[in-house]
1. Using just the alpha carbons, could you tell me how many Å³ per residue the convex hull of the stretch 200-248 encloses?
2. Find how much the distance from residue 129 to residue 168 grows on full extension, using 0.36 nm per residue of separation minus their present alpha carbon separation; answer in nm with one decimal.
3. Separation between the residue 118 and residue 194 pseudo-spin-labels, each 7 Å from Cα along Cα→Cβ, expressed in nm?
4. How large, in percent, is the carbon and sulfur part of the accessible surface of the stretch 211-290 at a probe radius of 1.4 Å?
5. On the full set of protein chains, 1.4 Å probe, figure out the accessible area of residue 147 and give it in Å² to the nearest 10.
6. Shape call for the stretch 126-282 from the C-alpha gyration tensor, a ≥ b ≥ c root eigenvalues: rounded (a/c under 1.5), prolate (a/b greater than b/c) or oblate?
7. Dividing the Cα radius of gyration by the Kirkwood radius, what Rg/Rh value follows for the stretch 65-171?
8. Using 27 Å as the Cα-Cα cut-off, could you pick out the over-long pairs in 99/255; 108/185; 80/108; 152/231?
Amino acid sequence: MGAHYSHQHSKNKQAKGQKSTEKPSSFKILSESDLLSPVIYNYVLKNAEEIPSFIWHMKSVEKLNLSNNRLSKVPPAVAKLEQIVVLNLSGNRIVHLPKEIGLLRNLKVLFVNMNYLCEMPEEVGLCRKLEVLSLSHNCISGLPSSYSDLSKLRKLNLSNNWIVNIPACVFQMKILDFLHLGSNKIENIAESIRYLESLKILIIDNNNISVLPRALCLLTTLELLNVDYNKIQSLPNDLHLLINLQRIAWNPLDKGLHVLNNPLVKPLSEYVQGGLDMLFSYLKDIQKLS
């Protein structure tokens with residue numbers, strides 16, 4: 001079983017041309033300065049099932065990568081990492097996060113994607129500096145109401161979960177600019193979507209949506225709207241208000257309107273094939289007649 005460790009200090013860089021009198025560092029023996037100075041720490045151990053206990057003594061660690069192992073839990077001792085800014089727990093077997101994670105008040109980025117989580121602790125709502133939260137590829141069906149306090153959250157990935165209704169707390173995340181809800185079981189988009197006035201990317205493909213609300217057309221900052229692979233038969237006449245959508249997008253990575261692979265009624269399907277300008281002109285004409 002092989003192991004690899006990487007350790008980077010952000011202080012005390014060696015001056016150019018200066019000879020080093022220090023012996024090569026080892027993670028088997030950590031000095032007091034190792035434990036107290038800010039570090040970027042990557043821990044890679046194939047098939048690891050537990051987090052090494054010495055990590056919890058690294059009080060000033062700012063970035064911690066524990067991804068792609070076989071970790072089934074995160075102990076309450078995670079609260080000791082008071083200075084941590086980025087925590088990557090993706091690609092493990094975690095079924096539960098401890099409530100102590102809410103004590104990480106400097107946390108800005110949290111990756112817990114590709115695990116076995118069925119719910120998230122409400123205490124994460126106390127991480128008020130959180131900007132990026134990735135929970136994709138789990139078994140989550142909702143989020144605690146306390147997450148409405150995540151006022152600095154900009155990017156939220158909830159794709160590939162068991163969500164039927166978009167969690168109400170999401171609509172309180174006013175500066176959110178990226179929201180991924182693809183591959184869930186969502187049946188409708190609430191009118192409250194209008195509160196996400198900073199949203200630039202909304203991905204909600206591979207769901208069970210049959211109707212797009214008019215409120216969606218008020219999100220004029222949208223540059224990418226992906227509703228592919230749903231059950232949509234018609235489009236709101238006000239869709240032309242989304243002036244930052246530049247084209248009908250075919251490639252999943254392209255910005256624009258993704259509305260393919262839906263049972264659009266005629267003549268909508270033909271106008272979509274003709275491009276965004278043709279579609280918007282048609283919708284404007286319909287709006288004038290209504």
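The values are calculated or read from the model by the stated rules, or taken from the named source; none is laboratory data. None of these values were measured; they are calculated from a predicted model. Glycine gets a Cβ as well: all are built from the backbone with ideal geometry, and neighbour counts include every protein chain shown. The accessibility values were calculated without ligands, DNA or RNA, using every heavy atom of the protein model including side chains. Shrake-Rupley method; radii C 1.70, N 1.55, O 1.52, S 1.80 Å.
1. Once divided by residue count, the hull of the stretch 200-248 is 70 Å³.
2. Result: 12.0 nm gained on full extension.
3. About 3.8 nm, to one decimal.
4. Values: 2290 of 4250 Å².
Whole-percent figure for carbon plus sulfur exposure: 54.
5. So the heavy atoms of residue 147 present about 0 Å² to solvent.
6. prolate
7. Ratio of gyration radius to Kirkwood radius for the stretch 65-171: 0.92.
8. On the way: 99/255 38 Å; 108/185 29 Å; 80/108 16 Å; 152/231 33 Å.
Flagged as over cut-off: 99/255; 108/185; 152/231.
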